[in-house]
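Undergrad: Sharing a structure below in structure tokens format, with a few things to ask.
Bear in mind these aren't lab numbers, they're just calculated from the coordinates by the rules spelled out. It should be emphasised that the depicted structure is a prediction, and the values quoted were computed from it without experimental measurement. Note that we place each Cβ from the backbone using ideal geometry, even for glycine, and neighbour counts take in every protein chain shown.
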């Protein structure tokens, strides 16, 4: 049985951006692609990651690869396989690069042995597909150990790090010490923020490229209120009955029609939220760094301090058994459940914990889209955040956002202009107060949302991202 899986990606036309941004940015992508094709001479660009489901990296790859293919570039996507122990180690690395301790386990020789052996097995299969002169983009710590064997096979290797910490501590240092032996010979690296670049790699090899969203993906296309209500009632996040002539349909990325069939697993006290009830929403993985427990407790304080607001909270994430590279999901969901059960009954009546179906990636995206668009406030109370694409998504949907002033979130939200930032991500009460400010002032909320949408249109679309990636690859393969 093959360890490495090919991920199929549909080609996506760039022309759909013209009504949004004009012709010039689209032409710039085609010009960058023409230069790239000239330099590559028919060679393939491979993306290698650890999962095709869940999280911003997988979603970005679906879109960026699809758009790149529309320029004629031969861009492909492979996903590696690993054991539970391998993903436990890479999750520990994930936490370390964010400056957190994770499960507290050591990144020691035994961890190196498991990590290196797992990637060596995957590398054998990769070397059967990747030819000398091909370009390989390795994504995040899970794949960093593939760099040495692929370089030895004659590939051009670029490592893309989607995470990082603004301030260095012992955990950050420990994480990078683990990765250095695998990365030291990589000639080009991409980071989301300049602060994330280790001193060791500030020698000209690092380039900063901010992530982007695909505004035409299932998660971000426009839905009318009838579709939003139909989907949310069907999946169990809004109280029924279904509206007359319920519409559960959406268009897939390959432009084929589909519909939402599955339902969410929802933990709640009694009935779902009413359509008219103001809704506070956080959508994220069940990850300790996303601080779902802190969101719940901050909202609980808000409900007790301001009962007149009569708002509800939805904490939504993937089915905890569905994401291969996230072994912490069940543990974190259990912690959120305990925090839920600790609340008084009157508070629990306002809180809903939703595990969204992930068997169909685009169905999941349609549900998230409907939920974010219905939200009165979208929150992202991360303790650490590489970039925070759920923030970008909500901003594009003109939602007012309350988020922690950490990592790449600070590059997106201008505090008080295109959203509200909470300076201390551990201050649950300050978080609740920021949410309260938006709930009490609909005019202010609307202005935040309008400015947020425009900020994404100007700075965080796929066109800019594609040009920067193309330039990075051109620089990598240029004769020295």
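Undergrad: Hey, what angle do you get for helix 292-305 against the long axis of the chain, alpha-carbon based, 0 to 90 degrees rounded to 10?
TA: 20
Undergrad: When the Cα centres of the stretch 97-132 and the stretch 203-263 are compared, how far apart do they sit, in Å?
TA: 34
Undergrad: Could you work out [θ]222 nm for the chain from helices alone, using -39500 (n - 2.57) per DSSP H run of at least four and dividing by all its residues? Round to the nearest 500 deg cm²/dmol.
TA: -13500 deg cm²/dmol, from helical runs alone.
Undergrad: Could you state the principal axis extents of the C-alpha atoms in the stretch 264-459, from the largest down, to the nearest angstrom?
TA: Ordered largest first, the stretch 264-459 gives principal extents of 39, 37, 31 Å.
Undergrad: Could you order peptides 75-85, 207-217 by the average number of other Cβ atoms within 10 Å of their residues, highest first?
TA: 207-217, 75-85
Undergrad: Moving on to the next point. Given points 7 Å out from each Cα along the Cα-Cβ axis, report the residue 337 to residue 454 separation in nanometres with one decimal.
TA: Going from the residue 337 label point to the residue 454 one covers 4.7 nm.
Undergrad: Right, another one. With the Cα gyration tensor of the stretch 359-429 in hand, convert its eigenvalues to equivalent ellipsoid semi-axes via √(5λ) and list them largest first in whole Å.
TA: Values: eigenvalues 97, 35, 24 Å².
Computed over the stretch 359-429, the values are 22, 13, 11 Å.
Undergrad: Where does helix 170-183 land angle-wise versus the long Cα axis of the chain, in degrees 0 to 90, nearest 10?
TA: 40
Undergrad: Starting from the Kirkwood radius over alpha-carbon pairs of the stretch 110-265, derive D by Stokes-Einstein at 20 °C in a medium of 1.002 mPa s and give it in µm² s⁻¹.
TA: 111
Undergrad: For a protection proxy built on the mean count of beta-carbon atoms within 10 angstrom, sort 13-23, 29-39 highest first, please.
TA: Ranked by mean Cβ neighbours within 10 Å, highest first: 29-39, 13-23.
Undergrad: Here's something else I'd like to know. Return the equivalent ellipsoid semi-axes of the stretch 271-379 as a descending list in whole Å, where each equals the square root of 5 times an eigenvalue of the C-alpha gyration tensor.
TA: 23, 17, 10
Undergrad: Next question, about the same structure. If you take every DSSP beta bridge whose two residues both sit in the chain, what share of them, in percent to the nearest 5, is antiparallel?
TA: Numbers: 9 of 52 bridges.
About 15 percent, rounded to the nearest 5.
Undergrad: Relative to the longest principal axis of the C-alpha atoms of the chain, give the angle of the C-alpha long axis of helix 23-40, reported between 0 and 90° and rounded to the nearest 10°.
TA: That works out to roughly 30 degrees.
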